[in-house]
1. Quickly run through segment 188-225 and pick out the residues that are crowded, with 20+ Cβ neighbours inside 10 Å and at positive phi.
2. Give, as residue ranges, the helices (runs of 4 or more DSSP H) completely inside segment 74-192 that count at least 1 residues that are over 23 Å from Glu245 (Cα atoms) and touching a Phe, Trp or Tyr at 6+ places or on another chain (Cβ under 8 Å).
3. Taking into account only those residues within segment 271-289 that are within 10 Å of the chain's Cα centre (by Cα) and either more than 18 Å from Leu126 (Cα to Cα) or charged (D, E, K, R) (or both), which is surrounded by the fewest Cβ atoms within 10 Å (Cβ to Cβ)?
4. With the requirement that a residue be over 24 Å from Gln211 (Cα atoms) and either among the hydrophobic types (A, V, I, L, M, F, W, C) or not in a loop (DSSP other than H, G, I, E, B) (or both), what does segment 19-33 give you?
5. Being farther than 13 Å from Thr258 by Cα and crowded, with 23+ Cβ neighbours inside 10 Å is the filter here; which residues of segment 157-176 pass it?
6. What is the residue count in segment 34-59 for residues that are β-branched (Val, Ile, Thr) and in a loop (DSSP other than H, G, I, E, B)?
7. Take the residues in segment 60-73 that are touching a residue at least 40 places away in the same chain (Cβ under 8 Å) and assigned to a loop (DSSP other than H, G, I, E, B); name whichever of them is nearest to Lys118 (Cα to Cα).
8. Restrict the check to segment 133-144 and report whether at least one residue is within 22 Å of Gln226 (Cα to Cα) and surrounded by fewer than 24 Cβ atoms within 10 Å (Cβ to Cβ).
Amino acid sequence: MKTKSLFFIVFVILSSGFLNAQVYNACKGQNAVYEEVYDDQTGDVTYVPVTTDQYGNAAGSQYDLAIDSAFQGETIAVIHLYTGEGFDFSLPLSALKQKGFGVYRWMNAPPPADSLRKVLENCCQLWIISSSSQMLNQEHIDVIKDFFDAGHGVYIWGDNQPYYADANYVAQALFGGQMLGNYFGDKVVGLKERNTMGGLVPRHLITTGLQYVYEGITIATIQENQMLQPLIYNSEGNIVAAYYEHDGKRAILDGGFTRLYVAWDNAGTGRYVKNAAAWLVNYEHFYDE
């Protein structure tokens, strides 16, 4: 894939600080969402499913993990190394703005380590979208590890071989994570149950409001280790996304960055991205007494 010269785009950069007293919707952690209906005459309460979209997920942003604009004033830094095939980040950018996030993005090459450190001082999380060759170095790793160890979220995105060079470099340094391989998916998966190969892990904050999600087209498989928990299994039962949550630190390792720009309007992608970003704020660690 072709690369271009280094430049960055500032969409919004705001200092981290005050968050709304309430950041999560009442349906947090629920996959199928029900509304309470009260009968004035009998006093009975029944629970009915909310309206769903064409894919079977609860329809409306009130069924995302976070309320709209909850994270106004919070900034996500993105090191966006793979930008081929029209991957301009406009779709996730729009979704993240709905929850109040600003985005500071470097494209095609990482910034110097000292510049990265300075920007991260005002960011709640870092996303890294890998390319096919390693561009980060040990100085970058030192900055990222300091950021991560302080409790700030890190989302590490790779894709099919060989597009996980820096994804594996960073994941190995932070928690011994790794992705490998090339699986052609292009399917929608439901909830992971005992009798299903693929699917979303139910009842996690990140899967709030989701019963179905698009797995991506070309997918790398997350290799299991003791530090990672599965989040999404692809249609063949391999882990495409996993999360880390230990000692007040959170991260996600994902082998399908194609979901960020291919078939975005398929099942669940926008909600998944918003939920993941909300979870990576690590609100419980920094703000919830």
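1. Gly199, Gly209, Gly216
2. 90-98, 113-120
3. Arg271
4. Answer for segment 19-33, where residues must be over 24 Å from Gln211 (Cα atoms) and either among the hydrophobic types (A, V, I, L, M, F, W, C) or not in a loop (DSSP other than H, G, I, E, B) (or both): Leu19, Ala21.
5. Asp166, Ala167, Val170, Ala171
6. Residues meeting the conditions: 3.
7. Gly73
8. The answer is yes; a qualifying residue exists.
The values are calculated or read from the model by the stated rules, or taken from the named source; none is laboratory data. Since the model is a prediction, treat every value here as computed from it, not as a measurement. Every residue, glycine as well, gets a Cβ built from its backbone with ideal geometry; the counts of neighbours run over all protein chains shown.
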